[in-house]
Each structure stands twice: as structure tokens, then as C-alpha cells.
Amino acid sequence: GCFSIVLELVPALLAGEVSRSLSIPTIGIGAGPEVDGQVLVLQDLLGMSSSFRPRFLRTWLDGAGLIRGALEAFHEEVVSGSFPGPEESYT
């Protein structure tokens, strides 16, 4: 038997019909609000890619920008010689 079903990129009206007709939970990804639960890949939710933007995706963080900023700061501190400093070194 089946304990649940994932509906991915299914039109919202159809996903709602499928959900109402089944006795098992439906989980949607890009299938609208009428399913029993939602799934979203964490990297997408956190905005880890600035080029991947399907219609069903909403991001709550600019993860790509934060990572880029952290890497740039790391690079600058290594090049300038301020990292590693005494607090990151063993005596």
C-alpha cells in the first residue's frame, strides 16, 4: 500500500481534487495550497542559488549573497594578513 503521495508541479486545482479523493496525505511541491503538506528543498528556501527561481519557489533569505559576502571577507582578510590572527593560532 501507499502511505502518502507527493504531487510535484501539478496544477493547484487538480492537486486539490486528487487530495480530496484520497484517504492518504498528499504532499505538494509546486502543487498549490490544497494539499495536506508542503515540501521545499532547504537550499531553495534559503536562497542558495541566485539563478534557480521556479514559479513555486519563495525564498526567505539571500543565502547566496550571504555566502558570497563571507567568502569575499575571508579572502580579503587572508590577503591582508589579518587572518589568521593570534586568537586563531596556537602557542
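The values are calculated or read from the model by the stated rules, or taken from the named source; none is laboratory data. Values in this document were obtained by computation on a predicted structure and should not be read as measured data. Methodologically, a virtual Cβ is constructed for each residue, glycine included, from the backbone with ideal geometry; neighbour enumeration extends over all protein chains shown. What goes into the accessible areas is simple: the full protein's heavy atoms, side chains included, and nothing from ligands, DNA or RNA. Shrake-Rupley method; radii C 1.70, N 1.55, O 1.52, S 1.80 Å.
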Exercise for review: Name the single residue, out of those in region 1-20 being among the small types (G, A, S) and exposed (fewer than 12 other Cβ atoms within 10 Å of the Cβ), that is nearest to G69 (Cα to Cα).
Suggested key: S4
Practice item. Of all residues in region 21-52, count the ones that are part of a loop (DSSP other than H, G, I, E, B), among the hydrophobic types (A, V, I, L, M, F, W, C) and open to solvent by less than 90 Å² (accessible area, probe 1.4 Å). Key: 9
Point to revise | Scan of region 53-85 for residues that are in contact with a helix residue (DSSP H, G or I) (Cβ under 7 Å, 6 or more places away or on another chain) and open to solvent by 90 Å² or more (accessible area, probe 1.4 Å), ordered by number | key: W60
